[in-house]
Each structure stands twice: as structure tokens, then as C-alpha cells.
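No lab work stands behind these numbers, since they all come straight from the coordinates. Not measured: the values here are computed from a predicted model. All Cβ positions, even for glycine, are placed from backbone atoms using ideal geometry, and neighbour counts span all protein chains on display.
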Amino acid sequence: MNPNLPLLLNLQKIDTKIYLLQKDQQTLPQNLTAKEQSIQKLELQRQELKKNIQNISTQEALKEGDIQTNEERIQNLQLKIHTIKTNEELWALQKEIQNLQEQNSTLEEESLELLEQLDQLQLELKQIEQQLQLAKQQLLQLQQETENTLKEIQNQLEKLQNERKQLIEKIPQKERSIYENRYKSFQNQPAKLLVEIKNDCCQGCFMIQPPRLSDQIILSDELVFCDQCNRILYHPDKIPQSIP
């Protein structure tokens, strides 16, 4: 067995931890962005609701104004009744009063519908503002947690980088170069460069290997690679148990 396999396995474990921490470094700010976008969406909804409320309030006020104008005209017309001299004039006056009363009846129904819409919109606005307030509080908390977590991740990364630097100095240049060059192909699959072989099967690609490879791993001082995926193979029961 290549005597540097335990060191390479340790190196892979360190690199896997670094990979996962760096992935968290990228993901955490994305969580902040998602929360900020949700707040922006709520803010747009709030603004749209306020705009609708303003528009409907204006429409309702105009209808109330029309109702008031019609009421004044009705009162003025009713005062004229006593001055009417002919039935034809009386009929025309009464017809005009009736038309105005019918207009007001329609306007009152429309005004009532608008008021109901206003009540519903104001309720929705209140709910959106509550959600917005809660979301902003959550964002502040998430920002603080993210900042603390990122600091902790950076500390861990620095510690791991130091461990990696010390470890890699112990690995001969030949094995180090093989590892570094091949690890680049597996950076999106941490802990996948060095894999076990079980029952002549590579645990990376799960392809059956020639029986000679299993013996070669034990007997040869050279690194042994999977014939299919080119990963470095090792026997787990031949690795010292002290490997973390």
C-alpha cells in the first residue's frame, strides 16, 4: 500500500470541510438576498394597496358629492312645487325629483360597494404592514446571525488552511501533484477523489474492477486508480484507525 494514502485521506477530509464551509459562505448571503427580495415584494404590495385605497376613496368622495348635490336640487325643486300653476309643470317637476332620487339610490349603492372595498383593502393593508414589520425584524436578526456565522466560518477556514498547509508539506511531491491535479475534477463532489474498493467494486463509480487492482493496492507502493473513473482506490481495512 502506498504509505502516503493516510495523509491523502486526511487531506481530502480537510478539503471536504473547506469545500462545505466555502459553500456556506456563498449560500448565507443568498438567504439574505431572498429575505430582502421578499421585503421588497411586500413593500410593492403595500404601495399598490395604498394606491388602490386612495383611488377608491376619491371615487367614493365624488359619489358622496354627487349625492349631496342631488339632495340640494331635490330640496330646491320641492320648494318650487307651491309655485307651480299647471299640472303639466307639476308632472315635469315631480318627474325630475324622481329621477334625482333614483340617481341617488344608485349612487348610494355604488358608494356602499366602494366602502366595502375600502374596508377589505384597509384590512389587507394592515395585514401586509404587519407582515412587513415582522419581515424587517427577521431580516435584522438574520443579518446579525449571518454576520456572526460568516465570521465563524472564516475562522474555521483559516484554521483548516493552516492544517492543510502543514499536512501537505508531509506529502511527497509526486503524490501531492497527483492529488492536486485530480482533485480539481471533483471539486463539486467533495470526498470523492479517494474512494474505497469493496468486493472489487469502486465506491466512486460503482464499476467492477479487475481482481489484480485489489491486490495491487495492498502490494504496490504506487497509487492505484479506478480503470473507469480514475479515482484513487484504497482498502479501508488497511488504513490505520487513527485517521480522523
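Could you pull out the pairs from 23/165; 13/170; 23/136; 13/192 whose alpha carbons sit more than 19 Å apart here?
In this structure, 23/165; 23/136 exceed 19 Å between Cα atoms.
Gaussian network model of the chain, Cα springs within a sub-10 Å range: biggest mean-square fluctuation belongs to which of 152, 72, 64?
Highest fluctuation of the listed residues: 72.
Collect residues whose amide H, placed 1.01 Å from N in the peptide plane, falls under 5 Å from the amide H of residue 224; neighbours closer than 5 in sequence don't count.
233
Straight distance only, please: which lysines reach the Cα of residue 85 with their own Cα at less than 30 Å, same-chain residues fewer than 8 apart left out?
Hits, sequence-local ones excluded: 95.
Name the lysines eligible as straight-distance cross-link partners of residue 63: C-alpha to C-alpha under 19 Å, and not fewer than 8 places from it in the same chain.
The reachable lysines, counting only those whose Cα sits under 19 Å from residue 63, are 51.
Rounded to whole Hz and in sequence order, give me ³J(HN,Hα) for region 197-211 from the Karplus expression 6.51 cos²θ - 1.76 cosθ + 1.60, θ = phi - 60°, writing x for Gly and Pro.
Result, rounded to whole Hz: 10, 10, 6, 6, 10, 5, 7, x, 10, 6, 9, 5, 9, x, x.
Test of understanding: in a Gaussian network model of the chain with alpha carbons linked when under 10 Å, which of 90, 107, 139 would top the mean-square fluctuation ranking?
In the Gaussian network model the winner is 90.
Which net charge results when you count Lys and Arg as +1 and Asp and Glu as -1 among the other residues whose beta-carbon is under 13 Å from that of residue 36?
+2
Can you list residues from other chains, or at least 5 along the same chain, whose modelled amide H is less than 5 Å from the amide H of residue 201?
Here 209 satisfy the definition.
Count the net charge of all other residues whose Cβ sits under 12 Å from the Cβ of residue 146, scoring Lys and Arg as +1 and Asp and Glu as -1.
Its environment carries a net charge of -3.
Using a simple charge model, +1 on the beta-carbon of Lys and Arg, -1 on the beta-carbon of Asp and Glu, nothing else, what dipole does the chain show about its Cα centre, in debye to the nearest 20?
1980 debye
Placing +1 on the Cβ of each Lys and Arg and -1 on the Cβ of each Asp and Glu in the chain, which of 114, 161, 98 has its Cα farthest towards the positive end of the resulting dipole?
161
For region 38-50, in order, what is each residue's ³J(HN,Hα) by Karplus, 6.51 cos²θ - 1.76 cosθ + 1.60 with θ = phi - 60°, in whole Hz (x at glycine and Pro)?
5, 5, 4, 5, 5, 5, 5, 5, 4, 5, 5, 5, 5
What length, rounded to one decimal in nm, is gained on full extension from residue 105 through to residue 184, with 0.36 nm per residue of separation minus their alpha-carbon distance?
Value of the extension gain: 20.5 nm.
Identify, among 123, 171, 135, the residue whose Cα sits farthest towards the positive end of the charge dipole of region 104-176, taking +1 on the Cβ of Lys and Arg and -1 on the Cβ of Asp and Glu, with the dipole about the Cα centre.
It is 171.
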